[in-house]
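Remarks on the structure that follows.
Where a number appears in this text, it was derived from the coordinates with a stated rule and is not lab data. All values derive from a computational prediction rather than experimental measurement. We place every Cβ from the backbone using ideal geometry, glycine too, and count neighbours over all the protein chains shown.
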Amino acid sequence: MAGYIVQQILNGLALAAVYVLLAVAFALVHAVTRRIVFTLGDLATYASFCALYVALLALVFDFRDYTQILLAFAAAGPQPWRWPLSSTVPWWSRLSASRAKR
Amino acid sequence: MIASIGLSIVVQEVLRLTSNGRDQWLSPYFPNAGLSFELSGFEVRASAMSLTAVALAVFLCLLLLGFMRLTPAGRWWRAVSEDAGLAALSGINVGRVIAITFASAGGFAAAAGGILTVRYSGVNFTMGLMLALKALFAGIIGCFGTISGAIAGAVLLAALETGWQAAFDINYRDVVVFGVIILVLMLRPDGLVGRPLRVDQPDRAR
C-alpha cells in the first residue's frame, strides 16, 4: 500500500509540474493587467508541437542522449509567438485604458 | 479577454491544420531509465523524464520567486501588480513591465508545453483549452494573481486529480475536479491562501 501511495505521489508531482508552470503564467499576466489571457494554454500546445517535431527530428538523426531533450526545450522556449504577444498586448492594454479614461 | 479567446482559436486552428487534426505521438524517451525501487511489495517507478519535468518546474519556480524578491525588475512587477497608476507616477515604465511579464508568461507556458511532450509523449491540438482552464482554476483556488497562490492551487489540483484516478473511476475525474473547484470558490472566494477582500481597501486583497 505504501509503495502504491508513493507511486501516486510521484505521478501527481509530474502532473503538478505542468499545472504549476501554466498557473504561474496566468498569475503573472493577471497580476499586472487584471486580464485573463486564454491564449497561454494554446501557447503551451504550440510549444508542445514544436518540441515534438524537434524531438522527432532528433530521433531521425539518432541523437540518443540528453541532446534530444535540450533541443526540444530550446525549440519550445523562444517560439515566435512571444514577440508579437509581448509587443502588442501592452500597447492594446494602454489603448483600452486610455479609452476607458475618456 | 475576448481578443485572447480569438487568438486562442487562431492558434488552435493553425495547429489543427498542421497536424491534420490527428494526435501526434512520440516514442517515450529512455523508458528504462529513472528511479525504480520496491516498497511494501510494490515496485515504484519514475521515468527519467518525469523526474526531469519535476526538477525543471521546481527550478523555474525558485528562479521566478528569487527574481521577484531580489531584482529591481521583480520589485517593478510587484509595484505594478499593487497599483499600476502609482507605479507609473513613481517612474516605473509600466508598458515595459507588462511586456516583460508577457514574455515570461510565454516562456512558462512554453516550458509547460515542453514538459507535456517529453512526459506524456502525446500532443493534441485541442488540449490547450482544457489545460488552460485547469491551470486557471488552479490559480483561482490558490489565490489568483499571486505566484505562491498559483503554485499552491496547482499542486492541490494535481493531487486531487491523481488521488481520484488512483482510487476511483477515471471517467468521473473532471466532474469531481470541477465540482471541488466550485465548492472551494463558494466557501473561499478569495482562494485558499488569499485574504478576504475589504471594501475600503479593494487593492489590498492580494
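Points worth noting:
- Selection of first residues in the stretch B:59-73 that are under 25 Å from B:Ile115 (Cβ atoms) and of second residues that are of a type in the set (Ser, Thr, Tyr) and part of a helix (DSSP H, G or I), restricted to Cβ pairs under 9 Å at least 6 apart or on distinct chains, gives the following pairs, ordered by first then second residue: B:Leu64/B:Ser104; B:Leu65/B:Ser148; B:Phe67/B:Ser104.
- Hits in the stretch B:122-140 (condition: surrounded by fewer than 24 Cβ atoms within 10 Å (Cβ to Cβ) and either of a type in the set (Ser, Thr, Tyr) or more than 7 Å from chain A (Cβ to nearest Cβ) (or both)): B:Gly122, B:Asn124, B:Thr126, B:Met130, B:Leu133
- In the stretch B:2-20 there is no residue matching the filter, namely being under 25 Å from A:Gln8 (Cβ atoms) and in contact (Cβ under 8 Å) with a residue 24 or more places away in the chain.
- Residues of the stretch B:141-165 that are among the β-branched types (Val, Ile, Thr) and more than 7 Å from every other protein chain (Cβ to nearest Cβ): B:Ile141 alone.
- Residue count, the stretch B:149-180 (criterion: among the acidic types (Asp, Glu) and crowded, with 20+ Cβ neighbours inside 10 Å): 1
- Of the candidates B:Leu160, B:Leu136, the single residue that is touching a residue at least 12 places away in the same chain (Cβ under 8 Å) and part of a helix (DSSP H, G or I) is B:Leu160.
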